[in-house]
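Undergrad: The structure's right below; bear with me while I get my questions together.
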Amino acid sequence: MKALLIWLDGFFVLPYRLVAEPVAAYLLGTATLALLAAVAGVCTLNLALRMHGKRLEKYQNAMQHYNQLGETALQGGSKETFKAVNRQGHEAFGYYFSLSGALFVASLWPVPLTLAWMQLRFGEVSPVLPFSLPLFGNKPGMVFWFLILYIPLRMLSTRIWRRLRPGRPAPQLHAPQA
């Protein structure tokens, strides 16, 4: 792993060298890496959704089907039928939920890679704040700075990705309908 991080060092360090002022360079470089990690994660998620979209759709359709059957069974007064159908619906939901979670987690792979590189490159170096934050003090670490930048950039890159692909939408992760 260290060999990979050293190999990536020449590329990852470039945005940190664009500005002479150290704090601005740290924030610009970290923001650039956070953006790259977010875009790589969104691309990975969309690729995974393309590969597993039909399976997700199958589980979602099964959940809706068993939900409708369960409502029909309840209206008919058959509690045993409802329990059997509900068990099947729970199974379909479990598969859907697990696969959706796995796809999302798979999209986070750039984050530990980037943080590992930052740890190798910067160690404990971090900008000092003029005030103290609860739990962090006045010198929050690189994870704090990275996540503060990564989360909004990930949300933004997801929105931009969806707008750039209006004609070919990737399968979406939907909350199950009750």
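Undergrad: To the nearest 10 degrees, how steep is helix 110-122 against the longest Cα principal axis of the chain, on a 0 to 90 scale?
TA: 20 degrees
Undergrad: If you find the alpha carbon centre of segment 103-172 and of segment 41-73, how far apart are they in angstrom?
TA: Centre-to-centre distance over Cα atoms comes out at 28 Å.
Undergrad: Something else about it: By its C-alpha gyration tensor, with a ≥ b ≥ c as the square roots of the eigenvalues, how is segment 65-115 shaped: rounded for a/c under 1.5, else prolate for a/b larger than b/c, else oblate? Intermediate results must be reported in sequence, preceding the final value.
TA: Numbers: a/c = 6.93, a/b = 5.16, b/c = 1.34.
Prolate shape, in that a/c is at least 1.5 and a/b is the bigger ratio.
Undergrad: Another question, then. Calculate for the chain the 222 nm mean residue ellipticity that helices alone would give, adding -39,500 (n - 2.57) per DSSP H run of length 4 or more and normalising by residue count, nearest 500 deg cm²/dmol.
TA: Working: 5 runs with 130 residues, N = 178.
Calculated at 222 nm, the ellipticity per residue is -26000 deg cm²/dmol.
Undergrad: Could you derive backbone 3J(HN,Hα) for segment 137-146 from the dihedral phi with the Karplus parameters 6.51, -1.76 and 1.60 (θ = phi - 60°), listing whole Hz in sequence and x where the residue is Gly or Pro?
TA: x, 9, 9, x, x, 5, 5, 4, 5, 5
Where a number appears in this text, it was derived from the coordinates with a stated rule and is not lab data. Note that the coordinates shown come from a computational prediction; the quantities given were computed from them, not determined experimentally.
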